[in-house]
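The block underneath contains the structure these notes are about, expressed in structure tokens.
Bear in mind these aren't lab numbers, they're just calculated from the coordinates by the rules spelled out. Everything numeric in this text was worked out from a predicted model, so none of it was measured. Glycine gets a Cβ as well: all are built from the backbone with ideal geometry, and neighbour counts include every protein chain shown.
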Amino acid sequence: MSSDQVDMGHLTPKTYTIIWAILLGLLFLSLFAGMVKSPVLATVMIFGVAIIKAVMVMFYYMHLKVEIVYVKVAVLAGFLALFFFVVGVYPDVVGQFSK
Amino acid sequence: MLDWIVGYMPENIATFGEDIDYVINLIGYIVFIWWILAEGVLFYFLFSSRKKEGVKATYEDGSTMKAMSWVLIPVVLVLGFDLFIDYKSHSAWDKIKIQLPKADVVYRVMGQQFAWTYTHPGVDGKFGTGDDFEPDDLVVPVHQVVHTVISALDVIHSLWIPNLRFKQDSVPGRIITGWFEATKTGDYPIACAELCGTGHGVMASTLKVLEADAYKSWVAQQSAAALAQ
Amino acid sequence: MTSHQSNFWNYYIFSKDHKMIAKQYLITGLIMALLGGLMAYVFRMQLAFPGEAVPGFGDVDSGTYNQLITLHGTIMVFWVGMPILLGAFGNFLIPLMIGADDMAFPTLNMMSYWTFFVSTLVLLASFFVEGGPASSGWTAYPPLSARPEYSGVMWGMNLWILAVALEFFSVLMGGVNYLTTTFNMRTKGMKFSRMPMFVWMQLAATVNFMFSVGPLIAGALMLLLDRTIGTSFFVPDKGGDPLLYQHLFWFFGHPEVYVLLLPSLGIVAEIIPTFSRKPLFGYKMILISTAFSSVLAFMVWAHHQFISGMDPRMAMPFGLLTIIISVPFAVVLFAYIATLWKGSITFTTPFLFAIAMIAEFLIGGVTGIINGAAAADIYVHDTYYVVSHFHFTLVPITIFGMLAGVYYWFPKFFGRMMNETLGKIHFWITAITFNVIFIPLLQMGMGGHQRRIPDPTEFEYLKGMMGMHKTATIALIILLIAQAFFIFNFFYSMYKGKKAEANPWKSTTLEWDAPSPPVAHGNFEVIPKVYRGPYEYSVPGCKQDWSPQSAETVN
Amino acid sequence: MSASTATNTVETEPMLAPHGRLGMWMFLASEVVVFGGLLASYIFARLRHSSWDEFASQTMTSIGCINTVLLLTSSLFIVLSHHWAERKDIKKSGKYMLWAILLGVLFLVFKGYEYQHEFAKGITPLTNLFWSYYFFITGLHALHIVIGLVINALTLREIRKGQNLQRVEVAGLYWHFVDVVWIFVFPLFYVAS
């Protein structure tokens, strides 16, 4: 009854495998990023790669790209709530006041 | 007029106490007026629009801007008053909790399960020296800024001195410095305001405000006794 | 239609029918409400007559007192407010109001009730465990709650954390069900703009809950680890930070009070138009301000921690946002009041309770501004002023709102009418005694009376307030006795009340098209179609002063 | 988590998305905040204690790497299984699902080995706060992997019987979510920056 929806954004087994290869590539990229000398650059690269990988899995494997708008809003709301939490708690738990 | 309804606050003996009382009374009056208006309108509508024979209700679903303005205009006023209150409150908060005037007397206040312990640096004004002593009560001179360096040993307590309008949680693992300046001598109660176990209700202590010279002689006498040990 | 043969077990116990599940939630919630109320009786007697044995309970030492207030708070919020306002009314009415035959996931719905039932058993079991139940406040601040030796309670607290976690999973399952049902199973013509405000409010409450409960589930598990195997997430001895738990808790805590408020506002939004025969004032305006307040709800939590050792500079943004969040609810309340204007009001019991909810909640909102302003909060934080403030908000929500809903939808739940005179007696006594309890508490709070202490006479400056404690306690006893009217009325009318027709209140929303009680599985004889908005009362040009959503034409 | 497949013949508003998929997405949206809150608390604690970088270097990056590869590959297989399930190709869908489950089990095996290795070195959740967070977060994630494997196994049984094929998609969503969580857990613990 329900599998009549449109073909999932023209993704074929080949494209899935390509995305898989990219994800592995990004994994090794983040490993090398670990070797980078300056700690700030390393952290930015590592978490940048992690975010890209996460977005790729969500968009292509979870078909978030072709999902209905309500689901996209729900996922965005989840990350937005998380963002409010981080912004609200960071200055207190990590700030100088709490030493 | 408000005290009769909202309640009598204990006598204020702190310099920043006026600011807090001013903010509380300001909020009290604004909020009381709004409350009377809202409840009045509610009960008037209830009374005037009750079911009368042959009179049909009007079809007003409040979708037009004109109709909605009946609600939005009062709400904008409420927002205006709120922002005014927040501005007044922030200036008081900034003075009490963010700025820290220079200390004349420094006390270490340690909250522990079921008692407040105060450490006075003694005559030399430095902690960790021989003349430090631990009085039972918080003895402070009048008209002088007292710093309370607050922390806790085990659980969260909260140093609560109603007459000084002073309240600061004492968190184990954090050192928080509060300050106050008493304007009147006498004995005032101190209590714990944060649930800290079975003895939370008996963590009573007293604040003794002395004249400057009486305080000085008391400190000298206590330091001498401490040095003797 | 999921067919299930109706033997005793499938019909009453393991029923997948959203109506039976709603009744199970309602009955469990009401029983727990009684339990919570009796706890209030015991510790208020201790406060009014310190040291004396409380009739019907015995001595209340400070450990027992802390346990009683902890459980009173926990039960009233998690085992009365959530199950009845979300579980009972949400389950029963969402499918009926959107014209569906059942929830999207009936099995998950059944599992949600039974997870809730198990959580109730786990909580009740924690009473009889060695060392007694949890005793560190319903907020369970570490390190008091993180180490058993600080509060003297070992397994009682662990079971309490487990019970609360189970209750969260049950409400999560319910939430998934409500969202999927409302998105997917609306009948023909029931566009989103034609859904009754009750359904919108249930959705907003579910969204508030689902996006705020996460950090607290993590926090509760960390607390459980701290207590059992001795890690120190929240205990500073090995680097933990007690304030991190407070952030995790109150990030959930504030949206949680809207999870209770919004369904109650939804119930009142259905009752006021029906009995004033007038459309709800500003449907879109209420919707927008509810959405706005749901987003704001995630940004204001630290007003519970102004003086908790948090960085004082953070009080500026949180104070401002807290003051601003009172605005959308002012819009909703003023819109409800505006609905009454030029209506034709009949004062039935549900209407009286709905109006009492609005009138009392106004006091709640008004007394809250002092807590929102940081400087004033220094004085009132952790005093009886705050206790009275959140009772002036929570009691109208969970007691008056819930009772309004029960009296209003009782014909639909059980097919019979509740007795009006008993209802009115119950209303007047409850409404009056409620104020007599909590106005003195406001005054005690302003006098500096700190909260959660078992014996006020320990403090010199509190001795003068014992008179107020006594009046509040006597008023509480009268209030509890008055609930007998409701309990009798509830069970008596269930079998012997006047037979109710399908639409006793002449209301327009879809649930009144189904017979009372609705068809066992399938709700409606014929699933109705929807032709107009939910509040079409006294439409000009119609003789009949109400035009139901499902009627194609109305003469 | 059985989604009802009530083929309601009654006219309703257009269905936005199949029940199962919509319900799972809502559940995952709320799970985002659980793991997000937990990882945020860990990051805050880590920023407070600079000494943790040295502890973080003691975690076995090689095992972490292999586990990431395992999870990414099992995500690939599950998406392929869903792809063929949509085309009613029972054989292929079942094969990929089986592979996804095997890789998931392999992930747990490596995880177990890693834990055992750490216990052997005398590291337990009580050694210090870093290890408490490490064992708690990876343990909670492993628990979600176990739940995911149970869901996948049930779905495999459904595929073999050729019914409820839309459940493959729902199981896939959950499994990808667990993979996304691991994608964030991996750098935090295994790449000592």
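Brief remarks on what is shown
- Near-label residues of the range D:136-178 by backbone N, under 13 Å of a point 7 Å along Cα→Cβ of A:Leu24: none
- Rounded Å value of the spacing that divides the Cα centres of the range C:32-99 and the range D:177-192: 42
- Amide hydrogen neighbours beyond the local backbone of B:Gly62, cut-off 5 Å, H modeled: C:Gly282
- Sorting the segments A:29-40, B:163-174, C:114-125 by their residues' average number of neighbouring beta-carbon atoms within 10 angstrom, most packed first, yields B:163-174, C:114-125, A:29-40.
- 3J(HN,Hα) along the range B:54-61: x, 9, 8, 5, 8, 8, 10, 9 Hz, from the Karplus curve 6.51 cos²θ - 1.76 cosθ + 1.60 with θ = phi - 60°, whole Hz, x for Gly and Pro.
- For B:Val106, the residues whose amide H sits under 5 Å from its own are B:His147, ignoring neighbours fewer than 5 places away on the same chain, with H placed 1.01 Å from N.
- Partners for C:Lys238 among lysines (Cα-Cα distance below 26 Å; same-chain residues under 8 apart left out): A:Lys99, D:Lys121
- Label zone of B:Asp3 (point 7 Å out along Cα→Cβ, amide N under 15 Å): in the range C:432-466 this covers C:443-444, C:446-448.
- Förster radius 45 Å - calculated FRET efficiency between C:Tyr11 and D:His117 (Cβ-Cβ, nearest 0.05): 0.25
- Violating pairs (Cα-Cα greater than 24 angstrom) within the set C:Lys424/C:Lys499; C:Lys188/C:Lys499; A:Lys72/D:Lys88; B:Lys184/C:Lys470; A:Lys65/D:Lys111: C:Lys188/C:Lys499; A:Lys72/D:Lys88; B:Lys184/C:Lys470; A:Lys65/D:Lys111
- Computed label-point distance, nm, for sites C:Asp59 and C:Lys191 using a 7 Å Cα→Cβ extension: 7.0
- Close amide H contacts of B:Val139 (hydrogens built in the peptide plane, cut-off under 5 Å, sequence separation of 5 or more or a different chain): B:Lys208.
- Charge sum, other residues only, whose C-beta stays under 13 Å from B:Ser91's C-beta, Lys/Arg counted +1 and Asp/Glu -1: -1
- Relative contact order, whole percent, for the range D:19-190 stands at 34, derived from Cα pairs under 8 Å and 6 or more residues apart.
- Positive-end residue, the protein assembly as shown charge dipole about Cα centroid, Cβ charges, pick of C:Tyr258, C:Pro515, B:Phe180: C:Pro515
- A straight Cα-to-Cα reach below 16 Å connects C:Lys284 with the aspartates and glutamates B:Glu60, B:Asp61, C:Glu270, C:Glu536, residues fewer than 8 places away in its own chain not being considered.
- For the range C:466-555, trypsin sites (Lys or Arg not before Pro) meeting the loop criterion (DSSP other than H, G, I, E, B) and having at most 16 other Cβ atoms within 10 Å: C:Lys498, C:Lys506, C:Lys543.
- In summary, the lysines within cross-link reach of D:Lys95, defined as a Cα separation below 18 angstrom excluding same-chain residues under 8 places away, comprise A:Lys14, D:Lys161.
- Label-zone membership for the range C:77-92, site C:Leu38, 7 angstrom Cα→C-beta point, backbone N under 19 Å: C:77-81
- Residue exposure sequence - C:Lys424, A:Lys14 - by fewest surrounding Cβ within 10 Å: A:Lys14, C:Lys424
- Simple label model, 7 Å out from Cα along Cβ direction - A:Thr15 to B:Ile36, nm: 6.9
- Exposure proxy shown here: for C:Asp545, C:Asp17, B:Asp61, B:Asp136, the number of other Cβ atoms within 10 Å sets the order, fewest to most, as B:Asp136, C:Asp545, B:Asp61, C:Asp17.
- Across the cross-link table entries C:Lys16/C:Lys191; B:Lys56/C:Lys529; B:Lys66/B:Lys88; B:Lys88/C:Lys463, which are compared at the Cα atoms, the separations over 31 Å belong to B:Lys66/B:Lys88; B:Lys88/C:Lys463.
- Entries of B:Lys97/B:Lys167; B:Lys95/B:Lys216; C:Lys506/C:Lys543 with Cα pairs more than 19 Å apart: B:Lys95/B:Lys216
- From the alpha carbon centroid of the range B:151-228 to that of the range A:5-77 is 56 Å.
- Per residue, the protein assembly as shown reaches -20000 deg cm²/dmol at 222 nm when only DSSP H runs of four or more residues are counted, each adding -39500 (n - 2.57).
- D:Lys95-B:Ser91 FRET efficiency (beta carbon distance; Förster radius 60 Å; 0.05 resolution): 0.30
- Model label sites at B:Val149 and D:Gln163, defined 7 Å from Cα along the beta-carbon direction, differ in position by 7.4 nm.
- Chain C: C-alpha gyration tensor shape, a/c 1.5 cut-off, then a/b vs b/c: prolate
- Judged by the ratio a/c of the largest to the smallest principal axis of the C-alpha gyration tensor, the protein assembly as shown counts as oblate, that ratio being 1.5 or greater while a/b is no larger than b/c.
- For the range C:253-284 versus the range B:74-145, the spacing of their alpha-carbon centroids is 44 Å.
- Fraction of beta bridges assigned by DSSP in the protein assembly as shown that are antiparallel (%, nearest 5): 70
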